[in-house]
Amino acid sequence: MGYWGYFVVGRGERPLTELDALAGAEGMALRDEAPGGWQVWEYPSSGGDIGSMNALAQETGAPALFGYVMDSDCVVVEAAAPESGAWTTCLARAAMAGYLAAGDGGLTLEDYFLEPGDAAERAVAWAAEAGHEVNAGSLVDVLTADADPLAENIFFRLLDRLGVVPL
């Protein structure tokens, strides 16, 4: 059985767990810190309300990103920034398609998530708002990768490519 839970990424002068936007996520643990005030928090959970990354972006005045890891197979990525807005995509798309096919809704990846090229464009704007210049092509490579063997690895590769937390 793999990992189920959230990674919360944001920038702030104080711990993100002290912010109103994450008040409902008790038990978060600091996973990593990076230059520029970037923080990565972990919230192991297969359910529950972690809060709103839109609210986190507004409260910090900086881009924020959530990664929800599903059994180490795939990751739902939700991102927001005060100026460029919110977007959602997934990592390990084939595995995510399997989860969706197992559901009763009949919905597909395209019903929920941006295509890799569109997600890369939104990620470039997100990174620019964070003060980082990134290459859309290198993001597409990550957005189309399969889990290797853990989807968490793809998520942290995405953070590296966004210029947030180096590998």
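The values are calculated or read from the model by the stated rules, or taken from the named source; none is laboratory data. Model, not experiment: these values are computed from the prediction. Every residue, glycine as well, gets a Cβ built from its backbone with ideal geometry; the counts of neighbours run over all protein chains shown. Side chains included, ligands, DNA and RNA excluded: accessible areas come from the protein's heavy atoms. Shrake-Rupley method; radii C 1.70, N 1.55, O 1.52, S 1.80 Å.
Observations
- Segment 35-46, subset touching a residue at least 40 places away in the same chain (Cβ under 8 Å) and open to solvent by 20 Å² or more (accessible area, probe 1.4 Å), residue nearest to residue 13 (Cα to Cα): 36
- Segment 1-27 - residue that is touching a residue at least 60 places away in the same chain (Cβ under 8 Å) and in a loop (DSSP other than H, G, I, E, B) and, of those, nearest to residue 63 (Cα to Cα): 4
- Number of the condition not met by residue 151 [criteria: (1) in contact with an Asp or Glu (Cβ under 7 Å, 6 or more places away or on another chain); (2) free of Cβ contacts under 8 Å to residues at least 12 places away in the same chain]: (2)
Every residue, every condition in (1) more than 19 Å from residue 21 (Cα to Cα); (2) surrounded by fewer than 16 Cβ atoms within 10 Å (Cβ to Cβ); (3) among the basic types (Lys, Arg); (4) modelled with pLDDT of 95 or more, yes or no:
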position: 81; (1), (2), (3), (4): no, no, no, yes
position: 103; (1), (2), (3), (4): yes, yes, no, no
position: 109; (1), (2), (3), (4): yes, no, no, no
position: 112; (1), (2), (3), (4): yes, yes, no, no
position: 115; (1), (2), (3), (4): yes, yes, no, yes
position: 139; (1), (2), (3), (4): yes, no, no, yes
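- Residues located in segment 57-73, provided they are in a strand (DSSP E or B) and either free of Cβ contacts under 8 Å to residues at least 40 places away in the same chain or touching a Leu at 6+ places or on another chain (Cβ under 9 Å) (or both): 64, 65, 66, 67, 69
- Considering 32, 20, the condition of being closer than 19 Å to residue 158 by Cβ, out of contact with any Gly (no Cβ under 7 Å at 6 or more places or on another chain), surrounded by fewer than 18 Cβ atoms within 10 Å (Cβ to Cβ) and not polar (S, T, N, Q) is satisfied by 32 alone.
- Flag for residue 4 being crowded, with 18+ Cβ neighbours inside 10 Å and either over 18 Å from residue 144 (Cβ atoms) or at pLDDT 95 or above (or both): no
- Once segment 141-167 is narrowed to residues that are acidic (Asp, Glu) and within 13 Å of the chain's Cα centre (by Cα), the residue that is most open to solvent (accessible area, probe 1.4 Å) is 160.
- Taking the numbered list (1) open to solvent by 30 Å² or more (accessible area, probe 1.4 Å); (2) touching a residue at least 40 places away in the same chain (Cβ under 8 Å); (3) over 17 Å from residue 63 (Cβ atoms) in turn, residue 131 passes all entries but (3).
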